[in-house]
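The values are calculated or read from the model by the stated rules, or taken from the named source; none is laboratory data. Because the structure is predicted, anything quoted here is derived from the model rather than measured. Reconstructed Cβ throughout: ideal geometry from the backbone, glycine too, with neighbour counts over all protein chains shown. For accessibility, only protein heavy atoms count, side chains too; no ligands or nucleic acids. Shrake-Rupley method; radii C 1.70, N 1.55, O 1.52, S 1.80 Å.
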Amino acid sequence: MKERIGVYICYCGGNISDYVNVNKVKDSVKDEDGVVLAKTTVFACSDSSQKEMISDIIENKLDGIVVASCSPKLHLHTFRSVAERAGLNPYEYVQVNIREQDSWAHSDKPEEATEKAIRLVRAGIRRLREAQPLLPNEISVTDSVAVIGGGASGMRAAIELADTGLEVYLIEKEHFLGGRIPQWGELFETNERGDILIEKLYNEIIKRNNIKIFTGTEVESFSGCVGNFNLEVKIKPRYVKSGIECNEFEKIEEGCPVEVDDEFNFGLTKRKAIYKFYKNAYPDLPAVDFENCTKCGLCEKLCPDAFDFNQKEEKLALKVGAVILTTGFSPYEPSEGEYGYKKNDKVITLQQLRRIMELSNGNLKWKGKEVKEIAFIYCVGSRQKSGENKYCSRYCCTAAIHTSLLLKKKYPYIRSYHLFRDIRTYGKQEILYRDSCKQGDIYLKFDENEPPVVEDLNNRAIVKVKDLLTEREEIEIEPDLVVLVTGMIPRKNSEIERIFKVPVGRDNFFNEIHPKLRPVETVIDGVFIAGTGQGPKNLTESILSSLSAAAKTYSLLSSGTLKLEPIVAFVDSERCKWCGDCAEVCLYDAIEKENQDGKEIAVVNEALCKGCGSCVPVCESRAIEIKGYTNKEIIGMIDGMLEEVR
Amino acid sequence: MFHLEYDVLVIGGGIAGQETALNLADMGFKVIMIEKEPSIGGKMILLSKVFPTLDCASCIATPKMSETMRHENIEVLSYSEVTSIERIDKKFKVKILKKPKYVREDLCTGCQECEANCPVNVEDQFNFGLVGRRAVYIPFSTAIPKTAVIDIENCILCGVCERVCPANAIDFTQEPECYTLKVKAVVLATGFNLFPARRKPQYGFGKFPNVMDAMEMDRLLSPTRPYNAVVRPLDGKIPENIAYVLCTGSRDVSVGNPICSQICCMYSIKQAQLLMGALPLADITIYYIDIRAFGKGFEEFYQQAKDMGVQFVKGKVAKIEEIKETGNLIVRYEDMEGSGGVKEAEHDLVVLSVGMLANTGITSIFKYEDLELDEYNYVKQADALLSPAKTNLKGVFAAGTATGPKDIPDSILSAGAASAEVAAYIRSLK
Amino acid sequence: MSWDKEKTLKYIKKKHKVSEEKVEETREFMKIRKAIAKALSSGPKTIPQIAEIMGLPLADVTYNVMTCRKYGYIEETGEVSDDDYYYYELKGRK
Amino acid sequence: MRERKEGGLPPKILVFSTNSISDPGIDLAGLLKMHYPPTVYTITVPCSSGINPDWIIYALKKGFDGVFIAADGSDCPYREDCSQLTARIVLSSQERAKEMGIDPSRIKMAAVCSVCAESFVNHMKKFSEALKKLKENTNESGGKNVSS
């Protein structure tokens, strides 16, 4: 039992001390059993406080410290490292949360908050008294990474990881890499083309022999723990063999009798059963959509060696040290009738307009009619007052404005109306907005409570909007196209969420641990997030996050070994009578029967144990416990919380 | 210990520089960080709380600063400047000038005894002149290294500090020191400058005491607040009716800064929320052109401010005038949404939401080659879409606001990207 | 022992000239400090009240009062006047 | 503090939360300055399926008026059947409580996700109200008012 404990109560520069009387807390706990030193500090996490703690520990021969400050999610490791640097074991430290769960939550009741702080700190002291030093479990790690999602973010992360020497598996669900970027044509702000950028990335990828590309591949299961994960993937057959010379693909595609909606062009065009998303899609090999194929045999006739319709779905097991999820976004799909969508054929989305621009030759035409006037309606599916998407989708203002600039360059006669709420061309993107104003684009601001109305009049689209900038004058436009500037929603990848158990936030995007401290990490150690799966982003921002994730992954795996938290189960061999209940409830096969001196008892494999504790309540003889959460520690905390405040 | 050869030189000890250095150090690279101020921390450490989570800036910044300072792979030189960088084969020869602090960092304990006895008073640059500081001083309570520095320009050489220092740390014999060292890669994390509000004379900053800039307000709201309360700089009165003027020095061709500064909308909304907590009775009005709440959780944060009762008025502020008797201010603005026309409103405190300007002055350190800048004087990204940290100079990378306006989350991500690109670059040298 | 403790000062005095202006400013600040202390000797006051006694512009008084507060000479009482000003008093008066 | 005691102490609630899911949800409530009774105390464990019924019973016997398990629900990073296991723990604790003459409704569980700040606060307010009523009723029927 610890007898020389140091206690530090943090002001957090007012965050705590504005509501909790920290000096009273200090005075109330300084005479607790085992406490030899109690202090307050303005910022416990500051360098000078850390130094002070270290010298206190050494000078006063402390055997453990309690810091009452913010949530352990923020600074548990900071203070564990303080303990360690002073020669203690990192687990001879207890953090007490008197900010998030006290001063802030009870800022309305300072007196009660102070009493709660005293009880919480006392509980922390009792816990520390019972704490045992724990040694981390060092394991060796697999020096490979799986990048899930082969869009621009995933491709870029793969290249960076390969350059640091790791083995990379780039896993893409579709038969072609590139994600959504090739759908866009020219991108802001450099006007480089999306498909060309993907080509560039692809060429870099195939230069590196430590990147393995898996297209048409989905993750089936995910297990193991940080450093050594097991992935099971399912590879759909492409039915087209790679490495076979065949110059007839174009002819085959032409001759294929099947026609289905082309998903790459948002159903604006049709594609065949043998297809590529676009001409220079990679890998440069068509795929066969077997479900829609009529098995007419034309393709095999023209190029007998290139096809193999006996290909079967393959399953593969991969071992990786870490995973980066770059699963991307889906464009918001307006509901039927939202601003006339799918009811009035003059109403399309911005994504569709970009495809139309890419596919059209000569003048811009829609349904056979030349387009001269376009009305863009902003914030469709974003910033919703009611509805799921309360967030701003970040890229759409600039994307719409950039589109209108491209249109003007190609078709100088086109007039654009922008029906907006706030123009969010942040940073240097502002210049695009200025250019758009300069070229004569018309901006009309609408109130979130009075959005524009698209009326359908004998196949005409009449847009009515009350313009806030001209005293709510109702303005009526009759454009040839109404373009809904739709936002980003998380890709419908509930399977990925389920398989990787990565939590999502209020906006349903993957949740990072902390937007500033750990923006690409998730609560699952070794599973990183990047790109638009984490939240709306433009290309540069997606690449920034995917490179960040690559950096964090490399830091994690570069040393070849990893220290795991020693929070694992342990068995009291005296008490254990081996009934097998604990082994049965354990999902990780971490408990086995062992014969010790003629007695059968349960033994924990620490490398497999995750420390969930599911085995604890099922043990009739109370022989199994979790390190760091032992009976004595928890009971001590309960006692500390209940005793009267003197 | 100090060496003559490092893998990476990081110029700038703000949040982006720290994040880059820590990432690289965690990967096993040896890093040297150069910071021109006496403490690392940059601008972030001076802030109150940060949007959209309202974490206190110190709570996020101090542990990172402390980790940077003690990481075995990072050497920090504060109060130092890079004077030249010259490419020699695959490496760079770097010259560094370490200014004398006249205080021995190895002996100073940060007890502030010297500060308590120094008779001099000059404007405190870390509080933007809202209060004074001594000629010998510790920059701020969360400074790292937490050692004193003597501002020799303002020192009257009375010798009190040397007499009272219990650690005998004062040393007036210090001279500027020059170091030459070799590195394989350079990261520019040189940050930004605040737009000087005096360049909009029609807003009266510097002339009317109750017109302040947002950085000053952030100081008033921070845990190390110089007034220990939010009161007017004119007379110490608790304000009741505060106005924010967004886009001060941003989106403004007349001052030569046509771009948007990306952070001002959000920090103003943040301050408004904090003010509503500090002064529950105060009215707060934000004059804006567009509210740019674009990042994760930002829009929700904006709506929250509206729900709390912050008034948002779409209007361009043309002029601010003072009422002599009360020190109150008349804000004249073009009402863009209401009944239109030019309107006037009286406020007892006005905060100018100043934008970012590029931190120039790093270009001249490169010998025999030119670092390319964009038209707004930020470091130009050579491949903005696919390799955002690359500059036109091979082996030279940029992180944080060196390449353009960014908020803290974006600066952190860009630092992450820079460290990844540096790591790959150094590996490619082998 | 003080002679021993000033040895590095002598060194810099030889090569660094102190401007008369700085010395003057320092004297000025000490005077202001004393004037503020005098104004507060009769009890806690708000900044406008201190300014009236000192006969200095309000903004200068605010700066100097706040600076003296930072240096630990004075502190706020925690009371607020009817017209929304904090009261300041000499430290350790309570 | 005297004054409050005369009106009857507000019920003390022990919350078991989990490191990666429900505790961040409770933190978020504080971050958003959402208020709940200050007599709520939290002990954090790795997973709600590892809570020992002994602890629950001990807490009730020693003076907590209620025990609330903020479970991970379907978000649990350890196991999919976490909710079922946790429910089993609650049931067996309730049975043991009943045997000992402790009202089983003093033990409660609900899933609290990492962003469920609002629902946590509501749970605490409701649970606190329910416990208060329970206390009043027992005091009336038992005829003994311990807190006065």
Consider A:Lys2 carefully, then state whether it is at positive phi and either open to solvent by less than 60 Å² (accessible area, probe 1.4 Å) or in a loop (DSSP other than H, G, I, E, B) (or both).
no
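Step by step: first the residues of segment B:29-58, then only those that are basic (Lys, Arg) and more than 12 Å from chain A (Cβ to nearest Cβ), then the one that is least open to solvent (accessible area, probe 1.4 Å). Which residue is that?
The qualifying residue least open to solvent (accessible area, probe 1.4 Å) is B:Lys43.
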Exactly one of these conditions fails for A:Val618: (1) more than 14 Å from chain D (Cβ to nearest Cβ); (2) of a type in the set (Val, Ile, Thr); (3) in contact (Cβ under 8 Å) with a residue 12 or more places away in the chain. Give me its number.
(1)
Looking at segment B:126-208, what strands (runs of 3 or more DSSP E) fall wholly within it and have at least 2 residues that are of a type in the set (A, V, I, L, M), modelled with pLDDT of 95 or more and surrounded by 24 or more Cβ atoms within 10 Å (Cβ to Cβ)?
B:185-188
State which residue is farthest from C:Glu89 (Cα to Cα) when the search covers only segment C:1-59 and only residues that are more than 10 Å from chain B (Cβ to nearest Cβ) and β-branched (Val, Ile, Thr).
C:Ile53
Within segment A:214-243, residues among the hydrophobic types (A, V, I, L, M, F, W, C) and out of contact with any strand residue (DSSP E or B) (no Cβ under 9 Å at 6 or more places or on another chain) come out as none
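Quick grid of which residues meet (1) over 19 Å from A:Arg156 (Cβ atoms); (2) modelled with pLDDT of 95 or more; (3) hydrophobic (A, V, I, L, M, F, W, C):
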{"position": "B:Asn328", "(1), (2), (3)": "yes, yes, no"}
{"position": "B:Gly341", "(1), (2), (3)": "yes, no, no"}
{"position": "B:Gly395", "(1), (2), (3)": "yes, yes, no"}
{"position": "B:Ala398", "(1), (2), (3)": "no, yes, yes"}
{"position": "B:Leu413", "(1), (2), (3)": "no, yes, yes"}
Return the residues of segment B:84-99 that are farther than 16 Å from B:Met33 by Cβ, touching a helix residue (DSSP H, G or I) at 6+ places or on another chain (Cβ under 8 Å) and either part of a strand (DSSP E or B) or not assigned by TED's automatic domain parsing to the domain that holds B:Met27 (or both); say none if nothing qualifies.
B:Ser84
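Which residue, of A:Lys445, A:Lys492, is buried (at least 18 other Cβ atoms within 10 Å of the Cβ) and within 34 Å of the chain's Cα centre (by Cα)? Give the steps one after another, and end with the answer.
Values: A:Lys492 fails: buried (at least 18 other Cβ atoms within 10 Å of the Cβ).
When all the criteria are applied, what remains is A:Lys445.
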Please specify each residue of segment A:164-191 satisfying the condition of being within 14 Å of chain B (Cβ to nearest Cβ), free of Cβ contacts under 8 Å to residues at least 60 places away in the same chain and assigned to a loop (DSSP other than H, G, I, E, B).
A:Gly165, A:Thr190, A:Asn191
For segment C:16-41, give me each residue that is open to solvent by 90 Å² or more (accessible area, probe 1.4 Å) and at pLDDT below 95.
C:Lys17, C:Glu20, C:Glu21
Which strands (runs of 3 or more DSSP E) sit wholly inside segment B:337-430 and have at least 3 residues that are surrounded by 18 or more Cβ atoms within 10 Å (Cβ to Cβ)?
B:349-354, B:356-358, B:396-398
Looking at segment A:563-646, what strands (runs of 3 or more DSSP E) fall wholly within it and have at least 1 residues that are at pLDDT below 95?
A:591-596, A:599-604
Near pairs, Cβ below 6 angstrom, 6+ apart or cross-chain, from segment A:69-80 (more than 7 Å from every other protein chain (Cβ to nearest Cβ) and part of a helix (DSSP H, G or I)) to any residue that is small (Gly, Ala, Ser) and surrounded by fewer than 21 Cβ atoms within 10 Å (Cβ to Cβ):
none
Any idea which of (1) of a type in the set (Lys, Arg); (2) within 21 Å of the chain's Cα centre (by Cα); (3) in a strand (DSSP E or B) is the one B:Arg219 doesn't satisfy?
(3)
Count - residues of segment A:410-439 that are more than 12 Å from chain B (Cβ to nearest Cβ), open to solvent by less than 60 Å² (accessible area, probe 1.4 Å) and either hydroxyl-bearing (Ser, Thr, Tyr) or under 29 Å from the mean Cα position of the chain (by Cα) (or both)
4
Members of segment A:360-383 that are under 30 Å from A:Asp447 (Cβ atoms) and part of a loop (DSSP other than H, G, I, E, B)
A:Val371, A:Lys372, A:Gly381, A:Ser382, A:Arg383
Which members of segment B:312-331 meet the condition of being out of contact with any His (no Cβ under 8 Å at 6 or more places or on another chain) and either open to solvent by less than 20 Å² (accessible area, probe 1.4 Å) or not in a strand (DSSP E or B) (or both)?
B:Lys314, B:Gly315, B:Val317, B:Ile320, B:Ile323, B:Lys324, B:Glu325, B:Thr326, B:Gly327
Only one of (1) at pLDDT 95 or above; (2) over 14 Å from A:Met637 (Cα atoms) fails for D:Tyr58. Which number is that?
(2)
Output yes when any residue across segment C:79-90 is assigned to a helix (DSSP H, G or I) and either under 12 Å from the mean Cα position of the chain (by Cα) or polar (S, T, N, Q) (or both), and no when none is.
no
Under the condition of being open to solvent by 50 Å² or more (accessible area, probe 1.4 Å) and closer than 14 Å to B:Val231 by Cα, which residue from segment C:80-92 is farthest from the other protein chains (Cβ to nearest Cβ)?
C:Tyr87
All-but-one check, B:Glu334 against (1) touching a residue at least 12 places away in the same chain (Cβ under 8 Å); (2) open to solvent by 10 Å² or more (accessible area, probe 1.4 Å); (3) within 26 Å of A:His514 (Cβ to Cβ); (4) not in a loop (DSSP other than H, G, I, E, B), failing number (3)
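Can you tell me how many residues within segment A:82-135 are of a type in the set (Lys, Arg), within 25 Å of B:Lys64 (Cα to Cα) and more than 31 Å from the chain's Cα centre (by Cα)?
Initially, segment A:82-135 is screened for residues of a type in the set (Lys, Arg), giving A:85, A:99, A:109, A:116, A:119, A:122, A:126-127, A:129.
Now drop any that are not within 25 Å of B:Lys64 (Cα to Cα), which leaves A:85, A:99.
Imposing the further condition that a residue be more than 31 Å from the chain's Cα centre (by Cα) reduces the set to A:85.
Of the residues in that region, 1 qualify.
Yes/no per residue for (1) under 41 Å from the mean Cα position of the chain (by Cα); (2) surrounded by fewer than 19 Cβ atoms within 10 Å (Cβ to Cβ):
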{"position": "A:Ala569", "(1), (2)": "yes, no"}
{"position": "A:Gln596", "(1), (2)": "no, yes"}
{"position": "A:Asn605", "(1), (2)": "yes, yes"}
{"position": "A:Lys610", "(1), (2)": "yes, no"}
{"position": "A:Asn631", "(1), (2)": "yes, yes"}
